[in-house]
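Visitor: Okay, here's the structure, questions in a sec.
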Amino acid sequence: MNDPSHLAATLALILLVLALMVLCNIYLTRRTEREHPARGLFVMVGGVRLHYLDVGQGPPVVLLHGNLVTAEDYLQSGVLERIAERHRVIAFDRPGYGYSDRPHGVLWTAARQAELLHQALVQIGVVRPVVVGHSWGTLVALKMALNHQEDVAGLVLLAGYYTPTPRLDVLLATPPAIPLIGGLLRYTLSPLMGWALLPLTLKAMFSPLAVSPRLKRGYPYFFLVRPSQIRAESQDGAIMVPTVMRMHDRYRELRLPIFVMAGTEDKVVSHKRHAVWFHEQLPASHLQLVPGAGHMVHYAAPERVAEAVERIEAEAPVGTRATLEAEARPGMAPRPMGEREPLARPAPPGRDRA
């Protein structure tokens, strides 16, 4: 049983299987990215390359997606298209998601992500937008508002996690974030397991409604479980509770218009323990609960999200609205949403097309 040759052969076989899994995941990642190329613009901020969609004209609105998905989540849900009818809409791939970088050696907290995206907005000429965040994106939106309140016209928060509550899913998501071990998992088991479990994960996110056909058509499933994106997802999941613990006592500092929306059947984040609780901390905020909707409330009611943006924009201080209107680029008509290329504006100096 302790024959050294037997142990060596077993170890060699394990290493061979792991190597084949690494090569398979690299191949699938490259193939998926060829089939689903970036469709927006890139901007370099502090050495980090960020990918974003830039559509429409008018007062600016920034869209921040949640975990697992990318900026295109707002495209697949129909939210981007509706808001772009009257606004300039900028939808970022948060660091590590989609085609945005997430450099190693840095803890990408909500505060760090908010700071990076704030700098990106300054660089691309966006002044005092309404910021929309979904799920984990609400944490980044809140951090941006808390740290740069004078630069945010208002918030629309969808299916957010606002106060510390036990999260079993955090424990399950953490292993790929562990140094060394996580790297091995991300290039071997995690993508394959993630791909196999993704239909169940999406079903839970959309429940009790069916998974959106637009999302199924718009995303190759492996695109959402590439090793680089698994790293971002697991790291964000691991720090979610500590992030909220440090932030939730500051909510009353917010003095800008806020609209909170959640589905009454959300199986991921309890609307009573989070959306209702948050609204109670800030009674001046607006709360809208969408009956029968799950965690992906923006798919269930994209028109309500657009209406919430309009309401918050209308409630922004007069000076803010004047600034927004002054900053809106003249002559840029809303673009059709059926083709990939028109989603991005022509790149001015300092920005590169995807």
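Any read-out appearing in this document is the output of simple, stated calculations on the displayed coordinates, not a laboratory observation. Note that the coordinates shown come from a computational prediction; the quantities given were computed from them, not determined experimentally. Counting neighbours? That spans all protein chains shown, and the Cβs are built from the backbone with ideal geometry, glycine included.
Visitor: Which residue fluctuates the most in the chain, going by a Gaussian network model with Cα springs under 10 Å, if the choices are Pro103, Pro191, Pro60?
Guide: Pro103
Visitor: Need the C-alpha centroid separation for the stretch 84-126 versus the stretch 1-42, integer Å.
Guide: 31 Å
Visitor: What angle, in degrees between 0 and 90 and rounded to the nearest 10, separates the Cα long axis of helix 110-123 from the longest principal axis of the Cα atoms of the chain?
Guide: In the chain, helix 110-123 runs at an angle near 60 degrees to the longest axis.
Visitor: If I fit a long axis through the Cα atoms of helix 318-327 and take the longest principal axis of the Cα atoms of the chain, what angle between them do I get, 0 to 90°, rounded to 10?
Guide: Approximately 70 degrees, to the nearest 10.
Visitor: Next question, about the same structure. DSSP beta bridges in the stretch 38-353, what fraction antiparallel, as a percent rounded to 5?
Guide: Among the beta bridges of the stretch 38-353, antiparallel pairing accounts for roughly 35 percent.
Visitor: Leaving out same-chain residues fewer than 8 places away, which aspartates and glutamates sit with a Cα under 12 Å from that of Lys203?
Guide: Candidates past the 8-residue exclusion: Asp266.
Visitor: Also, I was wondering about something else. Is the stretch 1-55 best put as rounded, prolate or oblate by its Cα gyration tensor, with a ≥ b ≥ c the root eigenvalues, rounded for a/c under 1.5, and otherwise prolate when a/b is larger than b/c, oblate when not?
Guide: In terms of gyration-tensor shape, prolate.
Visitor: Please compute the Cα-Cα pair-distance distribution of the stretch 62-171 with 5 Å bins starting at 0, giving whole percents from short to long.
Guide: Binned Cα distances yield the sequence 2, 12, 22, 26, 21, 11, 4, 2, 0.
Visitor: Residue by residue through the stretch 64-76, what is 3J(HN,Hα) from phi via Karplus (6.51 cos²θ - 1.76 cosθ + 1.60, θ = phi - 60°)? Round to whole Hz and write x for glycine and proline.
Guide: Taking θ as phi minus 60°, the curve returns 10, 7, x, 6, 6, 8, 9, 4, 5, 4, 6, 6, 5 Hz for the stretch 64-76.
Visitor: Another question, then. How would you order 140-149, 92-101 from highest to lowest mean count of nearby Cβ atoms within 10 Å?
Guide: Sorting 140-149, 92-101 by mean packing, highest first, produces 92-101, 140-149.
Visitor: Compute the convex hull volume of the Cα atoms of the chain, divide it by the residue count, and report the result per residue in Å³ as a whole number.
Guide: Cα convex hull per residue, to the nearest whole number: 140 Å³.
Visitor: A further question follows. Quick one: among Ala71, Ala114, Ala12, which has the greatest mean-square fluctuation in a GNM of the chain with alpha-carbon springs under 10 angstrom?
Guide: Ala12
Visitor: Shape verdict for the stretch 118-255, please, from the Cα gyration tensor: rounded (a/c under 1.5), prolate (a/b greater than b/c) or oblate.
Guide: prolate
Visitor: Here's another thing I want to ask about it. Beyond 17 Å, how much of the Cα-Cα pair distribution for the stretch 217-293 remains, as a whole percent?
Guide: 62 percent
Visitor: Output the 0 to 90 degree angle, nearest 10, between the alpha-carbon long axis of helix 189-206 and the longest principal axis computed from the alpha carbons of the chain.
Guide: 40 degrees
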